[in-house]
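Single-structure report; data block below.
Nothing in this text is a laboratory measurement; each read-out follows from the coordinates by a stated rule. Note that the structure is predicted; figures quoted are calculated from it, not measured. Methodologically, a virtual Cβ is constructed for each residue, glycine included, from the backbone with ideal geometry; neighbour enumeration extends over all protein chains shown.
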2 protein chains.
Amino acid sequence: MAKYTIGLDYGTNSVRALLVSVSAGREIATSTWTYAHGHEGVVLSRDPNLARQHPADYLQGAEITIKAVLKAAGRKLKSFKTSDVIAIGVDTTGSTPIPVDSEGVALALKKRFANNPAAMAWLWKDHTSVVEAAEITALAKRLRPQYLAKCGGTYSSEWYFSKLLHCLRTSPRVFDAAYTWVELADWVPASLTGNEAPDKIRVGICAAGHKAMFNSDWGGYPDKAFLKKLDPKLAELRDRLPAEAYTIDKPAGRLTDDWARRTGLSAGIPVAIGAFDAHLGAVGAGVGPGTLVKIIGTSTCDIMAHPASKPLADIPGMCGQVNGSVMAGAIGLEAGQSAVGDIFNWFVNYIQPGGETLGGHEALTAGAKKLKPGESGLMALDWNNGNRTVLTDQRLTGLMLGQTLYTTPAEIYRALVEATAFGALTIINRLEEYGVKVRQIVNCGGIAEKNPMVMQIYADVTGRPMKISRSGQTCALGAAIAASVVAGRRAGGWPSVKTAQKAMTGLKARVFKPDRSAHKIYQELYVLYRQLHDAFGLDGWSGSCHNIMKQLLDIRTRVRK
Amino acid sequence: MAKYTIGLDYGTNSVRALLVSVSAGREIATSTWTYAHGHEGVVLSRDPNLARQHPADYLQGAEITIKAVLKAAGRKLKSFKTSDVIAIGVDTTGSTPIPVDSEGVALALKKRFANNPAAMAWLWKDHTSVVEAAEITALAKRLRPQYLAKCGGTYSSEWYFSKLLHCLRTSPRVFDAAYTWVELADWVPASLTGNEAPDKIRVGICAAGHKAMFNSDWGGYPDKAFLKKLDPKLAELRDRLPAEAYTIDKPAGRLTDDWARRTGLSAGIPVAIGAFDAHLGAVGAGVGPGTLVKIIGTSTCDIMAHPASKPLADIPGMCGQVNGSVMAGAIGLEAGQSAVGDIFNWFVNYIQPGGETLGGHEALTAGAKKLKPGESGLMALDWNNGNRTVLTDQRLTGLMLGQTLYTTPAEIYRALVEATAFGALTIINRLEEYGVKVRQIVNCGGIAEKNPMVMQIYADVTGRPMKISRSGQTCALGAAIAASVVAGRRAGGWPSVKTAQKAMTGLKARVFKPDRSAHKIYQELYVLYRQLHDAFGLDGWSGSCHNIMKQLLDIRTRVRK
């Protein structure tokens, strides 16, 4: 009898459920639901750095999408029974911490805090905590350099403790009401399994290791003495954080009766430990030694899994290197670009070049495709949302130069695509400089799927073939793979992530091969990109222009006051 | 009996005739006509640097617009007789040289060359001659530094000899067919007076001095030995160039019978020596010692008149300092920005932000006006068409930085306006550094007239009041003032430019005063602008980014081949 698992994939704007066959990863049914709160699921404010989400959306989204895929699977497969679904996996954005009470209930679900953005989920791309991130980085540099060595040398404003500290300082009422803070990747499995209570919750090593400096080398989360220097209340909170963190092949618990009723699934099926979308996306794209998986969406995550048995130096500028964060037995390496699709979307949606009809992604792509590398004379930096790797600096902004009186929207669009490709190459170079050989690149995510021009430019810029994951939903598929492992062999699942990957993942036939002459031009252009990158990105660059963007931001902050 | 003069103003896209009263500069009638050839009067090609015009348009435009103003004046004033028009003045763009045959007939007017862009007028903004400009600059630096000292240290690709040399090399058939090359500012008066023949033509000191290194100190145009080093054919041409050049208070000749018939004017009325639009625009705006006139249009020209009796060092980076180029007895100082309105137009017409309806100049201005200085976090360089002053480098391009995922078209529009204001301030600073005190600034041109936000930003950035010329057509008015002088007192004209200015020019009541707090922010922002300006503009800047734009342009040129 065929068995199935469901991957629940919590993205920036919507949640998706994917129902797949355990035997071959066949995608039977999928359903998405856009979060109800805010603008396309993101709660914004006058502060352009703020981005929150309402936890109610996460629960409602699980119910709606699971019910939808069960219904669709039943329609599609005569033999399908909901009891054939043997487990659930969960992937989410992150770091997206949620303040919860002593029973694990999200504060925003309480009437008192329902409309308070500080009590909601602090979405990964919330950049309100820049000052706190700098403070944590500075303190760790002085007292605990080992903490920073595993996250590229800089603790980000996007991450767990930066956000907690910012809340503590700017919304103390919320911070005081919170018993603890739970990552979205842990909160969903905990909610589905009734293990929300802080003494019962089982958290993933992915979120804890990459965003909260959790490492078994120093006994889990950062030590109390360190946290106390930031704020005594953070040290107190340390006592309420779990001692262990788990890999995705472990269960977070079993589906509650209540959730079984709400969804139609069988009560008691296991729910896998949650992880970030990028990490489970990499699993769903077949990540393994030598394979770089690029999940290209609004932002991009680059994931590799380096055998834990092999030596690996601390790589400066990575988002993190965490044992077990992708799969057990491997050091998960995470790098990324803070905005990729978001930059193209900005141009289309905010600038709206040539009117909405003329200047949509398709029209711009058609125009950009006709251009040769270097033809526009434009060069851009892909920093509209800061730089995650290798500069790890949120306080960088976009740059474009080379404009004439005849520069067209299509030229700008292509320059933005090229900028993200140059950014991608910078990450690959950094990995290889530190001995992590990139033998193949597998792309996934909406842009990799839908825009061959982008993939060709990536191939031409990097001089490497670009492969595409067979699945269009690698994140959800990765979650379903984790589910197929925690289901256990007896229930029809797989014994390990590796065996599950072999059965359930694959590549598309079409490979984007680099064009030699285009690559040659891009090699020249990349030198210029590096010049700009270093001039504006590196403090120590001689005769640096580094301070300009920062001072503009400072002035902006001041005049807005 | 009231007397009138006509100013003919040849702009980039159209020609305007303005009929004014000699007594008070009252503007009786005006008429414009867009040149028939090319795109809005400019003949373009695949090469984005090429910009030409068809000489036939200049003659047709004179006829159409003069007839129109005479008709309109007759309708408006009962007493008006066409014989009350006592002279014509002419201003034009420049350097806009036209190849002509031995009788002064423009080659493009001959069937054989009618459609050959090389045989047309080489419009001021034609940038095909970058290589030749660099060669002339290098040669002059070595052999005739005095030539360069009067034009800011660099001979521009926009100028006379660069264009001739480029034609010689790339279209030798046209160059060989040309007996000589005549500036548009000289060609129109010569055509109207039948003095086109090279032995009869009287040329203006404005075009010759600013664009062709004409200076009585070294006997007029550059010497033959110098030109021979560029090309022997240029040296031969030197023999066919006039020996004298005149100020605008001198006549180019008298209107021919044929032109009297074509227009309805009286035959024999004097036509003044032609000059550039900016210089006559300055005259029409009341230029005099201490007064900087900014003619803000597609590009901007900054004109001052420094008493010839007072000492004046050679100012690096000026477009030129030429005795008599604005008026007799004063050293005309010309500076400028290669694109101002053109940058805003580029954004509106090429990028078309927010669709045509949403993103027009008015909507963008309304949005930009709401922003405070520094609020957008954006900073731009105003170099989309190169930098005319103080870097005198056509091979510079635009730059914008500070973009986020939320940057709006209005923010970009404001940043572009601010960039041009910073560019304007850079010119003022350079003048004052060399002892040319700027005591008042009078603005004119379409943007000064129509966009109070731009004027307020200029006031806030420079920290100086911005005054506006009373006339909306200062260039044409300046030409009419020149006409009122060459008409002679006996015919009802004025004895000098100064007396004519006093009677015929004035200021508007509204003065844009700098806002102190805005100016303070802009003082900070200007430091950043200078950093960018010097980083990208100065070769010697330590750790310079200067090469980036050049290399991009080189690559672009190469891949287009």
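If R0 is 35 Å, what FRET efficiency do you get for B:Arg510 and B:Leu44 from their C-beta distance, rounded to 0.05? With R0 = 35 Å, the Cβ-Cβ based efficiency is 0.40.
Using only the C-alpha atoms, the convex hull of the stretch A:424-538 corresponds to 137 Å³ per residue. Both radii are taken from the alpha-carbon atoms of chain A; with Rh as the Kirkwood radius, Rg/Rh is 0.95.
When A:Gly488 is represented by a point 7 angstrom out along its Cα-to-C-beta vector, the spacings to that point in the other copies are 11.7 nm, nearest first. Based on every Cα atom in the protein assembly as shown, Rg and the maximum pairwise Cα distance Dmax equal 35.1, 116 Å. If R0 equals 60 Å, the separation of the Cβ atoms of B:Ala2 and A:Asn349 corresponds to a calculated FRET efficiency of about 0.50. The tail of the calculated P(r) for the stretch A:20-134 beyond 19 Å holds 56 percent of all Cα-Cα pairs. Placing unit charges on the Cβ atoms only, positive for Lys and Arg and negative for Asp and Glu, gives chain A a dipole magnitude near 960 debye about its Cα centre. Taking Cα centre as origin and charging only the Cβ of basic (Lys, Arg, +1) and acidic (Asp, Glu, -1) residues, the dipole magnitude of the protein assembly as shown rounds to 940 debye.
Remark on the stretch B:226-349: Rg and Dmax equal 18.5, 49 Å (Cα only). On the beta carbon distance between A:Lys370 and B:Leu538, with R0 = 35 Å, the FRET formula returns roughly 0.45. Every helix of 4 or more DSSP H residues in chain B counts as -39500 (n - 2.57), and over all residues that averages to -11500 deg cm²/dmol at 222 nm. Per the Debye calculation on the stretch A:447-503 with a single equal scatterer at every Cα and no solvent contribution, log₁₀ I(q)/I(0) for q = 0.18, 0.27, 0.28 Å⁻¹ amounts to -0.68, -0.99, -1.03. For B:Ala2, inter-copy separations between label points set 7 Å beyond Cα along the Cβ vector come to 9.3 nm, shortest first.
With the charge dipole of chain B set up from +1 on Lys and Arg Cβ and -1 on Asp and Glu Cβ about the Cα centre, the Cα lying farthest toward the positive end among the listed residues B:Ile447, B:Ala491, B:Leu8 is that of B:Ala491. Over the C-alpha trace of the stretch A:322-385, radius of gyration and Dmax come out as 17.5, 51 angstrom. A straight chain from B:Lys111 to B:Thr499 at 0.36 nm per residue would run longer than the Cα-Cα distance by 135.0 nm. Built from the Cα atoms of the stretch B:1-51, the convex hull projects on average onto 4.2 nm², one quarter of its surface area. Pairs over the 20 Å Cα-Cα cut-off, from the set B:Lys467/B:Lys502; A:Lys467/A:Lys502; A:Lys110/A:Lys229; A:Lys163/A:Lys224; A:Lys294/A:Lys508; A:Lys141/A:Lys229: A:Lys110/A:Lys229. Extending 7 Å from the Cα toward the beta-carbon at both A:Arg169 and B:Val527 defines two label points whose distance is 2.4 nm.
For chain A, averaging the sequence separation of C-alpha pairs within contact (under 8 Å, six or more residues apart) and dividing by the residue count gives a relative contact order of 16 percent.
When the P(r) is computed for the stretch A:341-493, the part past 20 Å accounts for 58% of the Cα-Cα pairs. When only the Cβ of Lys, Arg, Asp and Glu is charged (+1, +1, -1, -1), the dipole of the stretch A:146-217 relative to its Cα centre reaches about 140 debye. A straight Cα-to-Cα reach below 18 Å connects B:Lys78 with the lysines B:Lys3, B:Lys67, residues fewer than 8 places away in its own chain not being considered. Relative to one another, the C-alpha centroids of the stretch B:419-457 and the stretch B:251-305 are positioned 22 Å apart. Among the trypsin sites (Lys or Arg not before Pro) in the stretch A:1-96, those placed in a DSSP loop whose Cβ has at most 14 other Cβ atoms within 10 Å are A:Arg26, A:Arg46, A:Lys78, A:Lys81.
In the stretch A:357-436, Rg over Rh equals 1.05, where Rg is the alpha-carbon radius of gyration and Rh the Kirkwood radius from pairwise Cα distances. For the stretch B:1-15, the residues whose amide N sits under 11 Å from a probe point set 7 Å from the Cα of B:Ser79 along the beta carbon direction are B:1-3. Centre-to-centre, using Cα atoms only, the stretch A:181-208 and the stretch A:506-530 are separated by 42 Å. So what is the orientation-averaged projected area of the stretch A:160-225, using the convex hull of its C-alpha atoms, in nm²? Across all orientations, the stretch A:160-225 yields a mean hull projection of 5.0 nm². Within the protein assembly as shown, antiparallel bridges make up roughly 75 percent of the DSSP beta bridges whose residues both belong there. Shape descriptor for the stretch B:117-192: Rg over Rh equals 1.00 (Cα atoms; Rh from the Kirkwood inverse mean 1/r).
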